[in-house]
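The values are calculated or read from the model by the stated rules, or taken from the named source; none is laboratory data. As the structure is a computational prediction, the values presented were derived from the model and not from experiment. Heads up, the Cβs are rebuilt from the backbone with ideal geometry, glycines too, and the neighbour counts pull from every protein chain shown.
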Amino acid sequence: MKKSIALLLMVVCSGCAREHVKPEADLSYMSVERDNRYPVYDVSYSSNINLLDLFDRGEGVGYAAAFLVCALGNDQDFSIGHHMQFAALGSIKGDGQSQEKGTFNYVTSALLSEVSNSGGSRRNLASNELNEILADKSSIPCRVRITAYGYETYYSNAMYIPTADLLRETNKPILK
């Protein structure tokens, strides 16, 4: 009987997601650099909000996932259940530098991928494919997306990466 009540309470409370109390973070693009050996792109940016302690519970405590997501194609639906066909995705990490007057610096090591099978398959995009996808764009939008236990999904405001910077890195030769 006690197990049944506990299970019922868990089911009822699982739909009770609290809203986060922090405003949407303003992100500022700093740089992008591709690893010389692998198709991994390090995106550096700053935020006016500490994204790794968003819920004031300690850095990374209670998070399910904290990602930077960038729309490479025309699809700009950043919502949780949606999978963009062409996207950059990577985990958020502090860059180890000191925080200045409410500015927090981050770096995300992102893979630029084509997604298929409702997110079940991911394939890294080759430089010629990226050149074609990004050819008519001046910038690509990115947002931080954070999920935490007991809270609604948190989204930052959009940050824009200049396509010229991304293409410069895309077209660098990979060293072997």
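At a glance:
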quantity	calculated
3 or more residues touching a helix residue (DSSP H, G or I) at 6+ places or on another chain (Cβ under 8 Å) and touching a residue at least 40 places away in the same chain (Cβ under 8 Å): qualifying strands (runs of 3 or more DSSP E) within the range 107-176	139-148
Number of the condition not met by TYR38 [criteria: (1) closer than 23 Å to ILE146 by Cβ; (2) modelled with pLDDT of 60 or more]	(1)
Failed criterion for LEU125 (all others in (1) modelled with pLDDT of 95 or more; (2) buried (at least 19 other Cβ atoms within 10 Å of the Cβ); (3) of a type in the set (A, V, I, L, M, F, W, C) hold)	(1)
Failed criterion for GLY58 (all others in (1) modelled with pLDDT of 65 or more; (2) assigned to a loop (DSSP other than H, G, I, E, B); (3) out of contact with any Ser or Thr (no Cβ under 8 Å at 6 or more places or on another chain) hold)	(1)
Where ILE80 falls short, out of the listed (1) part of a loop (DSSP other than H, G, I, E, B); (2) in contact with a helix residue (DSSP H, G or I) (Cβ under 8 Å, 6 or more places away or on another chain); (3) touching a residue at least 40 places away in the same chain (Cβ under 8 Å)	(2)
